[in-house]
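Read the structure below first, then the notes.
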Amino acid sequence: MNKVQLTVILLVVVIGGIVAGKVFLAPKKAPAVEASVEDPRAKGNPQARVKIIEYVDFQCPACAYGLTFLKTFFAQHPNDLYLKVHYFPLTNMHHHAMISAIYSECAARQGKFWELDDVMIPQQSQWAQLINPEPVFQSMAGQVGMDLNQLNTCVASDDARKVINDEKSIGQSMGITSTPTYFINGKMVVGVKSLQDELKNYFPNM
């Protein structure tokens, strides 16, 4: 092989590597927001000018803070926001991340997702310390009027867990590694501070 041939081969390898690198590093497509008033894990105005998808771990303290902030912010801007929650349990960090997501999904199937969220999130620091938080979750479910027999059937099945794992896999494919992660009108932001900074672009007086 002469020097010219070697040079050509090296150029092909280098150019190919650059192209492959660009493909590999290309930003992942943001999730489409299918706004619906019937989605049990969504709230707000489906025609709102600001649509948010949140990937959440219910045992994550920052997620609890974010959900509390958004609850207050929604009360102030009821017609301008739409929020949909997706699951992203960090099971390597939080022992109750999966079971809290399962109870939330089972609550959603009874149309009680936000009602359970309103009870579960303020008490996160208490149930997060328990060896087994399920009796507390059962009590919360009763407080918000859930059918406990239907709840127990849902918790015991694999279906809710599959939905949660599938949503986490989709999140990972988009580059999500931590919670809370938000997509605001398609733009990914990570953390509550970044969420607030991005919302200021739409609500300058917040």
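The values are calculated or read from the model by the stated rules, or taken from the named source; none is laboratory data. Remember, predicted model here, so these are calculated numbers, not experimental data. Here Cβ is always computed from backbone atoms with ideal geometry, including for glycine, and neighbour counts include all displayed protein chains. To get the accessible areas, we keep the full protein, side chains included, count just its heavy atoms, and leave off ligands, DNA and RNA. Shrake-Rupley method; radii C 1.70, N 1.55, O 1.52, S 1.80 Å.
See the values below:
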{"read-out": "Enumeration of residues in segment 75-97 that are in contact with a Lys or Arg (Cβ under 7 Å, 6 or more places away or on another chain) and buried (at least 19 other Cβ atoms within 10 Å of the Cβ)", "value": "Tyr82, Leu83, Lys84, Val85, Tyr87, Phe88, Pro89"}
{"read-out": "Total residues in segment 69-87, condition closer than 16 Å to Asp159 by Cα and assigned to a loop (DSSP other than H, G, I, E, B)", "value": "0"}
{"read-out": "Boolean, Val119 is within 20 Å of the chain's Cα centre (by Cα), buried (at least 16 other Cβ atoms within 10 Å of the Cβ) and farther than 21 Å from Lys51 by Cα", "value": "yes"}
{"read-out": "Which numbered condition Ala75 fails, given (1) under 20 Å from Lys200 (Cβ atoms); (2) modelled with pLDDT of 95 or more; (3) small (Gly, Ala, Ser)", "value": "(2)"}
{"read-out": "Residue within segment 25-39 that is at pLDDT 95 or above, of a type outside the set (A, V, I, L, M) and open to solvent by less than 70 Å² (accessible area, probe 1.4 Å) present", "value": "no"}
{"read-out": "Count of segment 134-147 residues which are surrounded by 13 or more Cβ atoms within 10 Å (Cβ to Cβ) and assigned to a helix (DSSP H, G or I)", "value": "6"}
{"read-out": "Residues located in segment 163-187, provided they are among the hydrophobic types (A, V, I, L, M, F, W, C) and open to solvent by 70 Å² or more (accessible area, probe 1.4 Å)", "value": "Ile170"}
{"read-out": "Long-range neighbours under 6 Å by Cβ, at least six apart or interchain, first residue more than 26 Å from Trp127 (Cα to Cα) within segment 48-60, second part of a strand (DSSP E or B) and open to solvent by less than 10 Å² (accessible area, probe 1.4 Å)", "value": "Ala48/Leu81; Ala48/Tyr82; Val50/Leu81; Lys51/Tyr82; Ile52/Leu83; Ile52/Tyr182; Ile52/Ile184"}
{"read-out": "Scan of segment 191-206 for residues that are in contact with an Asp or Glu (Cβ under 9 Å, 6 or more places away or on another chain) and either open to solvent by 40 Å² or more (accessible area, probe 1.4 Å) or aromatic (Phe, Trp, Tyr) (or both), ordered by number", "value": "Tyr202, Phe203"}
{"read-out": "Any hit, segment 175-182, residues being part of a loop (DSSP other than H, G, I, E, B), without any contact (Cβ under 8 Å) to a residue 12 or more places away in the chain and within 24 Å of Pro61 (Cβ to Cβ)", "value": "yes"}
{"read-out": "Matching option when the condition is within 22 Å of the chain's Cα centre (by Cα), surrounded by fewer than 20 Cβ atoms within 10 Å (Cβ to Cβ) and in a loop (DSSP other than H, G, I, E, B), among Gln129, Gln110", "value": "Gln110"}
{"read-out": "Gln59 being open to solvent by 30 Å² or more (accessible area, probe 1.4 Å) and part of a loop (DSSP other than H, G, I, E, B)", "value": "no"}
{"read-out": "Any hit, segment 152-162, residues being touching a residue at least 40 places away in the same chain (Cβ under 8 Å), assigned to a helix (DSSP H, G or I), of a type outside the set (A, V, I, L, M, F, W, C) and surrounded by 16 or more Cβ atoms within 10 Å (Cβ to Cβ)", "value": "yes"}
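Residues are listed down the side, and each one gets a yes or a no for (1) in contact with an Asp or Glu (Cβ under 9 Å, 6 or more places away or on another chain); (2) of a type in the set (A, V, I, L, M, F, W, C); (3) more than 19 Å from His94 (Cβ to Cβ):
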position: Asp118; (1), (2), (3): no, no, yes
position: Ser125; (1), (2), (3): no, no, no
position: Gln129; (1), (2), (3): no, no, no
position: Lys162; (1), (2), (3): no, no, yes
position: Ser173; (1), (2), (3): no, no, yes
position: Val189; (1), (2), (3): yes, yes, yes
